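Below you'll find the structure, written out as structure tokens, and then a few comments.
The values are calculated or read from the model by the stated rules, or taken from the named source; none is laboratory data. Fair warning: this is a prediction, and the values are worked out from it, not measured in the lab. Here the Cβ positions follow ideal geometry from the backbone for every residue, glycine too, while neighbour counts run over all protein chains shown.
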Amino acid sequence: MSAISHSTQIPFRGARTLARGRSIGNVKAHNLRAVLLTLLQEGTVSRVGLARLTGLSTTTITNLITQLLEHGLVLEEGREANNHAGAGRPATLLQLIPSARCAVGVHMGVDTIRAGVSDLFGQLRNYFVIRHTAEMPAAEVLIEIARLVERAIADAGVSRSSVVGVGVGASGLVDVETGVNVLAPNLGWRTVPIRDVLAGRLRLPVFVDNNVRAMALAEAMFGAGRQANTLAFVYGRVGVGAGFVVGGQVYRGSRAGAGEIGHTTMIP
């Protein structure tokens with residue numbers, strides 16, 4: 001699974017590959033991600049269909065699918081309907097096996113922490129909620145998050161090797177490259193290294209983004225915005241925030257502040 005990397009730049013409609021100058025490892029990871037996301041979006045698709053949607057060669061698709069079959073991530077199921085007489089043998093259809101891998105999602109609120117294990121289709125296997133206070137030190141909150149993640153994994157009855165990673169949605173400004181919560185006013189946090197602390201305790205890959213952007217991405221991939229190319233998601237509780245998916249990619253703005261609506265005064 002090391003070649004299967006994660007990104008919030010999601011090629012929803014079969015993003016074309018590839019940028020020049022990438023290493024072979026990066027190119028393979030990019031191609032594999034494109035195939036996985038296309039399978040996720042399409043449900044079932046043939047190898048020829050994958051080549052068309054991703055822009056990859058049929059040889060590359062064949063090699064990648066062979067790897068996914070060997071890892072138990074993909075299933076060959078049925079044949080594609082052939083409506084053209086004499087057009088040859090119907091193509092074999094492929095689909096992701098949702099239970100083959102899982103991920104843990106964490107939502108950090110002002111006074112609650114929510115965590116759950118989901119399959120590859122985003123279906124929750126379990127869901128836990130604990131409370132915390134803004135007065136709790138960041139280090140203590142992160143310890144509680146790590147414990148909750150361990151609890152969720154144990155309750156789901158899955159092996160740690162099947163857990164591809166932990167995604168954390170944090171409030172305020174987040175540096176997604178470093179996994180640092182730069183500023184969370186409602187918690188009084190500044191420069192909290194969420195990713196490094198949790199990865200060190202859990203021994204799992206950890207990915208951190210703004211919580212509302214994570215919600216927007218979830219809606220774009222699995223929810224109401226699945227067929228939309230552009231989506232705006234607004235969430236309000238203690239504060240108000242928004243997340244944007246534009247052209248199939250999460251939009252953060254030049255300083256990762258896009259969507260930080262806060263308590264903006266509106267003049268009618």
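Taken over region 22-55, the criterion of being aliphatic (A, V, I, L, M) and touching a helix residue (DSSP H, G or I) at 6+ places or on another chain (Cβ under 6 Å) is satisfied by L32, A34, V35, L50, A51, L53. For region 226-240, a tally of residues being outside any loop (DSSP other than H, G, I, E, B) and touching a residue at least 12 places away in the same chain (Cβ under 8 Å) returns 6.
Put simply, of R213, R195 the only residue that is of a type in the set (K, R), touching a Gly at 6+ places or on another chain (Cβ under 8 Å) and in contact (Cβ under 8 Å) with a residue 60 or more places away in the chain is R213.
Every condition in (1) in a strand (DSSP E or B); (2) under 18 Å from H132 (Cα atoms) is met by N186 except one, and the failing one is (1). Only one entry of L73, L68, L53 meets the criterion of being closer than 19 Å to G247 by Cα, of a type in the set (A, V, I, L, M, F, W, C), at pLDDT 90 or above and surrounded by 13 or more Cβ atoms within 10 Å (Cβ to Cβ), and that entry is L53. When A216, A232, A154 are screened for being surrounded by fewer than 21 Cβ atoms within 10 Å (Cβ to Cβ) and under 15 Å from A258 (Cβ atoms), only A232 passes. Count of region 31-56 residues, restricted to those that are in contact (Cβ under 8 Å) with a residue 24 or more places away in the chain and assigned to a helix (DSSP H, G or I), is 17. Within region 157-183, restricting attention to residues that are of a type outside the set (A, V, I, L, M, F, W, C) and part of a strand (DSSP E or B), the residue that is surrounded by the fewest Cβ atoms within 10 Å (Cβ to Cβ) is D175.
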